[in-house]
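A short worksheet on the structure shown next.
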Amino acid sequence: TIDQPITDPYEILDFDTDFDVGTFIENMSEAEPEVNIDCEFSTDDQYEPLTLDDLFPPNNNENNNFLHPYTNIKTNDFCRQLSHQSPTTLKALYSLMNGIPTRSGINYKILIYGLTGDCPAIKLAIKHVNHQGYWCCWFCYIRGVHIHHKRQYYFKKELALRSAAEYALYSHEAEETKTNIYGHLGVSPLSVIIDVPLPRCLVINYMHVSLLRHTRTVIQYIYGKFLKPKQGEELDELFRNQPFPHFFNRKMRPVKEFSYCKVTELRNMLLYGLLPLIRLFLPIECAAHLALYVTAM
């Protein structure tokens, strides 16, 4: 979001004139603090160091707004809980509260809407069980069953989804009791800075879910359902021999080699080679549905 003062509505902002990078770097180099032998920042005598009461006077609620739209903690309360309240830290905090200033007078504030990554990384970031455990789904309450030395999660038409309020409640309970509560292991350290609450801020990983799982499953289903073995071999040769521009680091593998297929190879097949090469082998209705899937990806 942009907090913008009243200016000329017809004014056109230019990045080069609005953000003077050269002047910014020069000013930063001139204002570089000196470090003394006690590892403390020396300050100019003409500037009084900031204190927490300077930023948030006890009887003034001007800056004591909510930390971000989806939290119930005020900025004053959050800052008073900081473990390090040196003048340097408070000055940097004050600058961040006012946004990123520009020469035109516009302050830009950055909102963090989402978090993405692979399952092991997100597990650590949100303090949740791993993707192979019970109650592993971030969005719904599906427990899973342990069959034949594997965890399996059967499809259900009626899903019980996790709400933002339930997610926060069970996370705090897990943090206090040090136990696993519906997959929650504690409170995520990112929950205080993300502007969209968990789990709505979690973005599904495109590489693992859409390419390595959905795309591979759809193509293998089409091969087994609509193509004869001879047609499958013919299409595999077309995939293998399809030329690409020199800047494509990977080409396409045949479907029978999907076990060794890389993500970039699947992406090239899905976005560039699949529809032109497979069109002659499919009924028009199936080809139309496949085209919709490719367009959505």
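Please treat every number below as a calculation from the coordinates, not as lab data. Please read all numbers here as calculations on a predicted model, not as lab measurements. So basically every Cβ, Gly included, is an ideal-geometry build from the backbone, and we count neighbours across all protein chains shown.
The local environment of ASN268, defined by Cβ-Cβ distances under 11 Å, has a net charge of +4 under the rule Lys, Arg +1 and Asp, Glu -1. Relative protection proxy for 209-221, 245-257, 264-276, from highest mean packing down: 264-276, 209-221, 245-257 (other beta-carbon atoms within 10 angstrom).
Counted over all Cα-Cα pairs of the stretch 117-210, pairs farther apart than 20 Å make up 36 percent. Here PHE244, PHE239, PHE226 are placed in order of increasing Cβ neighbour count within 10 Å, fewest first, which gives PHE244, PHE226, PHE239. Calculation over all alpha carbon pairs of the stretch 206-296 in 10 angstrom steps from 0 returns a P(r) of 16, 55, 27, 1 percent.
Among the listed pairs LYS156/LYS178; LYS127/LYS256; LYS230/LYS262, those whose Cα-Cα separation exceeds 27 Å are LYS156/LYS178; LYS127/LYS256. When you count the other C-beta atoms within 10 angstrom of each residue and take the mean per peptide, 162-174, 105-117 line up highest first as 162-174, 105-117. A simple count of charges around TYR113, restricted to other residues whose Cβ falls under 11 Å of its Cβ and scoring Lys, Arg +1 and Asp, Glu -1, yields 0.
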